[in-house]
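To keep things clear, I will list the structure first and then write my remarks on it.
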Amino acid sequence: MIVVEGVSFTYSGGVEALRDVSLTVKDGEFVAIMGQNGAGKTTLVKHFNGLLKPSKGTVRIDGVETTKTSIAKLSRTVGFVFQNPDHQLFSETVEEEIAFALKNFGFEEEVIQKQITWALNLLSLTQYRKTSPFMLSGGERKRVALASVLAWDPQILIMDEPTIGQDHEQKEKLRQFIIQLQAQEKTVVIVTHDVEFVAECNPRVVLMKEGKIVADGQGKDILTNLEALAQSSIVLPQIAQIFTQLTSLGFSRNVIDIYEAKGILLQAWGRRRT
Amino acid sequence: MAVIETRNLSYTYPGATKPSISDVSLKVEKGDFVLITGPSGCGKTTLCRCFNGLIPHFYQGELKGEITVAEKDVTKHQTHEMAKHVGLVFQNPENQLFALSIEKDVAFGLENLGFSREEMRKRVDWALNLTGIYDLRERSPHEVSGGQQQRVAIASVLAMQPEIIVLDEPTSFLDPLSAEKIFQVIHELNQTLGITVVLVEHRLDLTARYANHIIIMDEGKVCSDGGTREILCAEETRIIGVGIPKATLLYKLLGNEGMNLGDVTPLSSEEMAKLLLEAFGRR
Amino acid sequence: MKFRKVYSPIHNLDPRIKFIYVCAVFVAAILFGSILPLTALFLMQFPFVFLARVQRQWLRSLRGALFLAVFIFFTNFIFSFINAGYVIIASNVEFAAAMTLRFVVLVESFSVFFLTTSPDLLGLALEESHVPYEFSFAFTTAVRFVPVLAEEAQTIMDAQKARGLELEKGNFMKRIRNYIPVLIPLIVSAIRRSLELAEAMESRAWGATKKRTNLYGLTLHKGDFVLLGITMAILVVAFYVLLFVPVPTLTKLFL
């Protein structure tokens, strides 16, 4: 469980990135943190594994204050997948890459081997076990980075902009993957500005602006709340955009899912004909 | 008049076992706004680099078939020659800006071409104004946002006044609002200056509405090539796994269930909303 | 290191003229081995430092030179001490101090030059002085990417720390090995970046003509001519004093 209480954070250059932020993420939740560039989203999640320590307030992971423990210890519970996989990859083989964190955390050799096999399987990378990560394509490298973080089976997984540069299929696979993680009762936090992706996942959405949380609720409600979105410079998902323009016909604007939209429209159409 | 024409174009990178693009034949007319899309690895980035001569001159490798851009055989003209006719804007904003001030960056191409200072000043100011970043001209590229950086990149290409601008996933790293601004700038350039635009993108929900021509690639080959509305509505497109705009998909889904909203496929939420208002309003 | 655009009259001076001035100070410092003229040269830097408002950075660079300065003083002193038969002679101390001061003057005049010249202006000066364009381009591009690389290094360190890497742990050898997961991504990223930059350069007609033009030009202003005058004066006075004026040593004056 992640508990953030009254956290303010100022970078050494003087920039106040977080202002009195309070947030609780329960075990097994799926949260999307959204907002404009510079709103403080990445700054906030970097507090969850201790990379940043609050200037004011506290952050507790499973009851332990982040200032009272090390990044390495926190990372055992909180896995962080960075936006650019090339900022992590350095090993000669994919296998070694995945083993890196396991070795750092002091796992035993046979456990390491088991975890590597498991992680490779989970992300369909088994055939690349002995391949150099630098030889793989962009999408494959992203999966290697993800595998190397999942390998030690952290309870909480944070992903910073996981959909950047991904095509439609890859995003769909990611969405399915997160559902899988949820089934394993893992807590998933993503930082993103990909509205369509969030609309398809419909998680809890926390909206940030200028270092503060301006909205927190179910994706469906936040992503159709015109005022909140306009404030944080987020675009409405396309289905919501359509329904916002149909209020004169009596339709609710609280729709983000395409199949729900189809259902509503067909029903209304059927009624018209009778 | 076709500004870009390829015939059975195939290319293999040096050291690669199979070609990145095979047997690509396409035509882009003057003034077109072409969208090139397809799953990752389909060859769209490779194709872009053929348009301005990076392939074959910079990348070497094996190029087969014919390619004519701005009435020039690309294989026979150096990249710096092609640069006068085709501008290329890359994905990463940070890695295409070199100078310590934005206006010097915009002037980079013109300096390379040996323009006089007066002419350069005129063109740089013109390009900066067209892309809406005139006020940023004395700042360092590192100080401005990703969206502004991409506008600098577009301005620096625009300053050379090419007939064609090719953009390879220019908004990958940008948030949807900044991306929207970029597409609007490009759309303006296409409409008011008649510059032919070739845009490689995944985000069809934001871009489909601007394109009159779409090319879909998969595994190095061209799968579909034609008008945006027809192609996006086709079943083959959905199968390939391209991110069809939700408005278009909804139109199709409703059509499949017997709810006919007319013949014109919508490409944006505004168009779809209009169709629905008309359909429900009529009764 | 961020280059704040501090506009002082010194910052606006043509770097080429400033460089000539620094060379003149360099020559004058070499010409003299006694403490009085060297002190004069040292004090001459002060007005420039204060006009340019770079006192703090200048003092910091002085601190940096301190270690070597002390080393030079003691080496000179020890050798002359031994030579004189293990006796401290005042003139030897003065000589060691003079040598130290000469070193300081050399270092500090260059320091003033770099502190008061922004990289853009320096790059421009390089371009205008018929240095092959490749070099000035390499210089400005390097400066342009310093903050980018610094940020990237920080991100890479964060990413690896998040995988349990503890940079500060272990003995000396282990600590060096700890940096491999930081260095390799940094280097690979730098290579990838160079490739992308090269593509962008080619696409903007790099190499189209040998006669590259420049959006900006460097023209000499009043201040530059004033500085040129000062430089000439320094050289003239230096040679005059060297040839015709016997410079007394402090020892002779006070002891």
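The values are calculated or read from the model by the stated rules, or taken from the named source; none is laboratory data. These figures come from a predicted structure and were not determined experimentally. Ideal geometry is used to build each Cβ from the backbone, glycine not excepted, and the neighbour counts take in all protein chains shown.
Numbers below:
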{"item": "Single unsatisfied condition, residue C:187 versus (1) surrounded by fewer than 13 Cβ atoms within 10 Å (Cβ to Cβ); (2) within 30 Å of residue C:9 (Cα to Cα); (3) β-branched (Val, Ile, Thr)", "result": "(2)"}
{"item": "Residue satisfying all of: in segment C:190-216; part of a helix (DSSP H, G or I) and more than 7 Å from chain B (Cβ to nearest Cβ); surrounded by the most Cβ atoms within 10 Å (Cβ to Cβ) among these", "result": "C:201"}
{"item": "Wholly within segment A:1-84, strands (runs of 3 or more DSSP E) carrying at least 1 residues that are free of Cβ contacts under 8 Å to residues at least 60 places away in the same chain and over 26 Å from residue A:165 (Cα atoms)", "result": "A:2-10, A:16-25, A:56-61"}
{"item": "Condition met for residue B:215 (away from chain A (no Cβ under 14 Å) and either surrounded by fewer than 24 Cβ atoms within 10 Å (Cβ to Cβ) or not in a loop (DSSP other than H, G, I, E, B) (or both))", "result": "yes"}
{"item": "Tally of residues being farther than 25 Å from residue A:38 by Cβ, surrounded by 20 or more Cβ atoms within 10 Å (Cβ to Cβ) and of a type outside the set (Val, Ile, Thr) across segment A:239-261", "result": "3"}
{"item": "Residue in segment C:88-97 that is modelled with pLDDT under 90, in the same structural domain as residue C:19 (by TED's automatic domain parsing) and in contact with a Phe, Trp or Tyr (Cβ under 6 Å, 6 or more places away or on another chain) present", "result": "yes"}
{"item": "Failed item, numbered, when residue B:123 is tested on (1) within 30 Å of residue B:22 (Cβ to Cβ); (2) of a type in the set (Lys, Arg); (3) at pLDDT 95 or above", "result": "(1)"}
{"item": "Residues (within 14 Å of chain B (Cβ to nearest Cβ) and surrounded by fewer than 16 Cβ atoms within 10 Å (Cβ to Cβ)) located in segment C:217-243", "result": "C:217, C:219"}
{"item": "Positions within segment A:99-111 being surrounded by 20 or more Cβ atoms within 10 Å (Cβ to Cβ) and more than 10 Å from chain C (Cβ to nearest Cβ), in sequence order", "result": "A:99"}
{"item": "Residue B:148 vs. criteria more than 10 Å from chain A (Cβ to nearest Cβ), polar (S, T, N, Q), out of contact with any His (no Cβ under 8 Å at 6 or more places or on another chain) and not in a helix (DSSP H, G or I)", "result": "no"}
{"item": "Failed item in (1) touching an Asp or Glu at 6+ places or on another chain (Cβ under 8 Å); (2) over 16 Å from residue C:105 (Cβ atoms), with residue C:62 passing the rest", "result": "(2)"}
{"item": "Subset of segment C:140-152 that is more than 10 Å from chain A (Cβ to nearest Cβ) and under 22 Å from residue C:175 (Cα atoms) - its residue that is surrounded by the most Cβ atoms within 10 Å (Cβ to Cβ)", "result": "C:149"}
{"item": "Residue in segment B:149-160 that is closer than 26 Å to residue A:171 by Cβ and of a type outside the set (Gly, Ala, Ser) present", "result": "yes"}
{"item": "Selected residue (only one of B:112, B:92 is in a loop (DSSP other than H, G, I, E, B), crowded, with 18+ Cβ neighbours inside 10 Å, at pLDDT below 95 and at the interface with chain C (Cβ under 8 Å from one of its Cβ atoms))", "result": "B:92"}
{"item": "Residue C:10 being within 28 Å of residue C:245 (Cβ to Cβ), of a type in the set (A, V, I, L, M) and in contact (Cβ under 8 Å) with a residue 60 or more places away in the chain", "result": "no"}
{"item": "Test: residue in segment C:52-62 that is under 20 Å from residue C:222 (Cα atoms) and not acidic (Asp, Glu)", "result": "yes"}
{"item": "Residue identified as more than 12 Å from every other protein chain (Cβ to nearest Cβ) and aromatic (Phe, Trp, Tyr) among B:33, B:51, B:58", "result": "B:33"}
{"item": "Flag for residue A:31 being more than 26 Å from residue C:182 (Cβ to Cβ) and modelled with pLDDT of 95 or more", "result": "yes"}
{"item": "Exclusive hit being out of contact with any strand residue (DSSP E or B) (no Cβ under 9 Å at 6 or more places or on another chain) and under 22 Å from residue B:169 (Cα atoms), set B:101, B:40, B:22", "result": "B:40"}
{"item": "Lone unmet requirement of (1) within 14 Å of chain A (Cβ to nearest Cβ); (2) closer than 26 Å to residue B:20 by Cβ; (3) in a loop (DSSP other than H, G, I, E, B); (4) out of contact with any Asp or Glu (no Cβ under 8 Å at 6 or more places or on another chain) for residue B:162", "result": "(1)"}
{"item": "Any helices (runs of 4 or more DSSP H) falling wholly within segment C:47-159 and containing at least 2 residues that are over 24 Å from residue C:8 (Cα atoms) and touching a helix residue (DSSP H, G or I) at 6+ places or on another chain (Cβ under 6 Å)", "result": "C:55-83, C:90-115"}
{"item": "In segment B:115-136, the residues that are within 24 Å of the chain's Cα centre (by Cα), more than 9 Å from chain C (Cβ to nearest Cβ) and in a helix (DSSP H, G or I)", "result": "B:123, B:125, B:126, B:127, B:128, B:129, B:130, B:134"}
{"item": "Residue match in segment A:78-96 (condition: more than 10 Å from every other protein chain (Cβ to nearest Cβ) and closer than 16 Å to residue A:154 by Cβ)", "result": "no"}
{"item": "Residues (surrounded by fewer than 24 Cβ atoms within 10 Å (Cβ to Cβ) and assigned to a loop (DSSP other than H, G, I, E, B)) located in segment B:80-89", "result": "B:84, B:85"}
{"item": "First in segment B:267-278 and more than 10 Å from chain A (Cβ to nearest Cβ), second anywhere and part of a helix (DSSP H, G or I), Cβ under 8 Å, 6 or more apart", "result": "B:267/B:208; B:267/B:209; B:267/B:228; B:267/B:229; B:267/B:232; B:267/B:247; B:267/B:248"}
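Here is a yes/no grid of residues against (1) under 16 Å from the mean Cα position of the chain (by Cα); (2) under 22 Å from residue B:104 (Cβ atoms); (3) aromatic (Phe, Trp, Tyr); (4) buried (at least 24 other Cβ atoms within 10 Å of the Cβ):
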| position | (1), (2), (3), (4) |
| --- | --- |
| B:142 | no, yes, no, no |
| B:151 | yes, yes, no, yes |
| B:159 | no, yes, no, yes |
| B:162 | yes, yes, no, no |
| B:166 | yes, no, no, yes |
| B:176 | no, no, no, no |
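Table: residues versus (1) under 29 Å from residue C:140 (Cα atoms); (2) crowded, with 23+ Cβ neighbours inside 10 Å; (3) at pLDDT 95 or above.
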residue: B:73; (1), (2), (3): no, no, no
residue: B:78; (1), (2), (3): yes, no, no
residue: B:96; (1), (2), (3): yes, yes, no
residue: B:101; (1), (2), (3): yes, no, no
